[in-house]
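All remarks here apply to the structure that follows.
The values are calculated or read from the model by the stated rules, or taken from the named source; none is laboratory data. If you're wondering where the values come from, they're calculated on a predicted model, not measured in any experiment. Backbone-built Cβ (ideal geometry, glycine too); neighbour counts: all protein chains shown.
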Amino acid sequence: MAEKQIVLEIVTPEKNVVEDEAQMVVAPGTYGEFCILPNHTPFLTTLKVGAVRYKDKSGTERYVFINGGFSEALPNKVTILAESAERRRDIDVERARAAMKRAEERLAEAMRADAKKEVFDHTRARAALQRALMRRQMVEGGRG
Ligand code: ATP
């Protein structure tokens with residue numbers, strides 16, 4: 001008989017963030033958001049910064065921030081390896097606000113610095129800004 005649940009694991013180099021059963025998983029693929037249902041065809045893809053959302057066994061929607069990575073989908077198991085990740089409920093919104101402010105200040109600073117440093121600082125600051133923005137959106141959007 002076909003399985004009706006998917007085992008979802010989200011891990012980072014630091015911690016196991018999620019180990020749960022899901023009815024459905026939606027993840028931010030590099031080439032667009034994708035949805036995995038039980039008995040899905042196996043595939044491997046890269047992920048961008050964004051939200052993984054899944055419906056748990058009881059039907060509750062859960063949200064997890066992920067800072068890019070890889071996803072391996074087997075018919076009844078999805079493994080996500082992310083650079084960093086946390087469940088929505090574990091996001092410290094004040095920390096994200098502070099990170100956003102720092103990134104904005106660095107972006108302004110990078111505009112004033114010399115050309116080489118500018119590219120480096122600009123890329124890093126933009127990435128930090130994107131992470132902070134996504135974390136804030138997840139909390140302030142009140143999801144999961
Ligand atoms: P910061 O500058 O605040 O450290 P960051 O985007 O550089 O933010 P990451 O490198 O993505 O942080 O993550 C480092 C660790 O801190 C990870 O364990 C991540 O889960 C955690 N983390 C980062 N920001 C937050 C946050 N706002 N709330 C909860 N955990 C966070």
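List of remarks:
- The residues of the range 1-19 that are buried (at least 17 other Cβ atoms within 10 Å of the Cβ) and closer than 20 Å to residue 138 by Cβ, listed by number, are 8, 10, 12, 17, 18.
- Among the residues listed as 82, 128, 132, the single one being over 28 Å from residue 38 (Cα atoms) and crowded, with 18+ Cβ neighbours inside 10 Å: 132
- Pair list, Cβ < 7 Å and 6+ apart or interchain, from the range 45-70 residues that are over 15 Å from residue 136 (Cβ atoms) to residues that are β-branched (Val, Ile, Thr) and outside any strand (DSSP E or B): 45/30; 46/30; 47/30; 48/30
- Within the range 71-88, the residues that satisfy the criterion of being farther than 19 Å from residue 140 by Cβ and acidic (Asp, Glu) are 72, 83.
- Those strands (runs of 3 or more DSSP E) lying entirely in the range 1-112 with at least 2 residues β-branched (Val, Ile, Thr) and in contact with a Pro (Cβ under 8 Å, 6 or more places away or on another chain): 43-56
- Test result for residue 45, among the polar types (S, T, N, Q) and at pLDDT below 95: no
- Taking the criterion of being more than 10 Å from the ligand (Cβ to nearest atom) and hydrophobic (A, V, I, L, M, F, W, C), the residues of the range 65-94 that qualify are 70, 73, 74, 78, 80, 81.
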